[in-house]
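Just so it is clear, none of the values below were taken in a lab; they were calculated from the coordinates. As the structure is a prediction and not an experimental result, all values here were calculated from the model. Methodologically, a virtual Cβ is constructed for each residue, glycine included, from the backbone with ideal geometry; neighbour enumeration extends over all protein chains shown.
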Number of protein chains: 2
Amino acid sequence: MSKLKVEVCLSPALFDFQKNTEAIVVVVDILRATSSICNAFANGVDKIMPVETRNIALEMKNKGFTVAAERNGYKLDFADFGNSPFNFSRENVEGKTIVYSTTNGTRTIHQAADCFQVIIASFLNNKAVANYLIEQNRDVIIFCAGWKNKFNIEDTVYSGCLVESLLESGLFETNCDSAFTAVDMWKHWKNNLRELIDKSAQRFRLQEKGLDDCIDFCLQLDETDIVPVFKNDVIVSHLNL
Amino acid sequence: MSKLKVEVCLSPALFDFQKNTEAIVVVVDILRATSSICNAFANGVDKIMPVETRNIALEMKNKGFTVAAERNGYKLDFADFGNSPFNFSRENVEGKTIVYSTTNGTRTIHQAADCFQVIIASFLNNKAVANYLIEQNRDVIIFCAGWKNKFNIEDTVYSGCLVESLLESGLFETNCDSAFTAVDMWKHWKNNLRELIDKSAQRFRLQEKGLDDCIDFCLQLDETDIVPVFKNDVIVSHLNL
């Protein structure tokens, strides 16, 4: 039996060249959108509604929704909170529908929306994501949100972590140069992740704005068993599909 | 004094997001275009005229030029030869102007043409390129040709080799995640380059067509001191600028 394929797409600008509408797309934006989404589900959020534009986020705020929204790291003025995973506390999110709009992450989710399924991954739910994918019997594209279409280290090294888990299952194979490179990065840095991230452009962007307090949190493995799944324009727990 | 910047662009589809028209752009297409161009200059070619389309290449052939042209690895029917570096022998190229058209490499050269200068690099002329760049006092973007806009391993690992040389000079610095990743790949694989390339998608593409005989040749370091420079629509040796 031929194996399932796993690929890594390193930037939204490269997605069309690798797109496979039959695949499950795994969106990755480690600093900070997909880590925040995973933490929200760990803390009992009911649904997350990713919206692309500031205007739609504002409209939803005026309709009474709780809104998490940032651009370039900064919370939008009308939003209830920004994009730190610490904002998605049990107190802030439990049982709620949160409207969510970020610089890179939410756009990436919508870009993949016509593929078979879109799920959300981060270090925080890696094992749950790997197990979920192993059960689905579908090709997988791991889609790095990057930074304004640029390649980034943190999404790439996490992609390597997930690719390694899938290859170790024996069900998946890859012939994708991005996947090989991501696995190499992961193998090389897995025991010194913070040292790697401290070199990255996004660390300096967050640090300048005083937003780098969440980095160690985002690098924790397997803090939640929930796989957020994008379905009918909202993100829900895989347990509620 | 602030240092010069070196960045790596991993795909033609990402170039616009990193473009700096004041920079020198170093085009890299290890398997095989830039290795072939370097070998042509090592063997005494006078000029290389990169042309983007099959039709222009045919027109130049009809005007009496020697034409090297391929698409997806295969020599175009009217061309004198294809894109193997072995075709660019002293017998075939010495003293001549060669018209040249390839799947990825020549398009990449034209995409960068409005930057300060475009030069051609490969393992074959790495030290010469590094020394040339160190003399120019300009920011540098290393531009990987990739494969039909996809990321590839061989251009990335060579970029890491060149970035390492530039950083070691003490004149350059980088804050570019692609550059950090390329250097990591180079440091990890420099003593086992062939093992790395044997995993790459391009190796399998070449192998299927019986065109992989040139891989070891393309991985040789510092076989020529010539830096090919793209100027006024042709590529010439830096010694003839």
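A few comments on the model shown:
- Calculated [222 nm] ellipticity per residue, helices only, for chain B: -10500 deg cm²/dmol; basis is -39500 (n - 2.57) per DSSP H run with n ≥ 4, divided by all residues, nearest 500.
- Ranked by the mean number of other Cβ atoms within 10 Å of their residues, highest first, the peptides A:27-33, A:144-150, A:62-68 come out as A:27-33, A:144-150, A:62-68.
- In the frame of its principal axes, the protein assembly as shown has Cα extents of 76, 59, 40 Å, reported largest first.
- Axis-nearest residue in chain B [Cβ, rotation onto A], distance in whole Å: B:Ala13, 2
- Counted by Cβ distance under 9 Å from A:Gln117, the other residues give a net charge of +2, where Lys and Arg count +1 and Asp and Glu count -1.
- B:Asp233-A:Asp198 FRET efficiency (beta carbon distance; Förster radius 30 Å; 0.05 resolution): 0.10
- Annotation for the stretch A:1-96: GluC sites (Glu not before Pro) lying in DSSP loop with at most 12 further Cβ atoms inside 10 Å of their Cβ are A:Glu22.
- Among B:Ser101, B:Ser165, A:Ser178, B:Ser2, the order by Cβ neighbours within 10 angstrom, fewest to most, reads B:Ser2, B:Ser165, B:Ser101, A:Ser178.
- Distances, shortest first, from the label point of B:Glu168 to those at the same position in the other copies read 3.5 nm; the point lies 7 Å along Cα to C-beta.
- Gyration tensor verdict on the stretch A:119-186 (Cα atoms; rounded if a/c is under 1.5, prolate if a/b is larger than b/c, oblate otherwise): prolate
- Radius 11 Å from Cβ of B:Ala179, net charge of other residues (Lys, Arg +1; Asp, Glu -1): -3
- Of every Cα-Cα pair in the stretch A:140-241, the percent that sits beyond 22 Å: 41 percent
- 11 Å beta-carbon shell around A:Val234, net charge (K/R +1, D/E -1): 0
- Exam field: A:Asp225 pseudo-label spacings to other copies (7 Å along Cα-Cβ), nanometres: 6.8
- Restricting the calculation to alpha carbons of the stretch A:1-49 gives Rg and Dmax of 14.3, 40 angstrom.
- Gyration tensor verdict on the stretch B:42-93 (Cα atoms; rounded if a/c is under 1.5, prolate if a/b is larger than b/c, oblate otherwise): oblate
- Label point of B:Glu22 (7 Å along Cα→beta-carbon): distances to the other copies' equivalent points are 5.0 nm, sorted ascending.
- Long-range amide H partners of B:Ser101 with built H, under 5 Å: B:Val51, B:Ala68, B:Ala69, B:Glu70
- With only the Cα atoms considered, the stretch A:1-136 has a convex hull volume of 115 Å³ per residue.
- From the largest down, chain B spans 53, 38, 31 angstrom on the principal axes of its Cα atoms.
- Residue pairs exceeding 25 angstrom between C-alpha atoms, taken from A:Lys150/A:Lys190; A:Lys19/A:Lys190; A:Lys5/B:Lys19; A:Lys47/A:Lys127; A:Lys187/B:Lys3; A:Lys148/B:Lys187: A:Lys19/A:Lys190; A:Lys5/B:Lys19; A:Lys187/B:Lys3; A:Lys148/B:Lys187.
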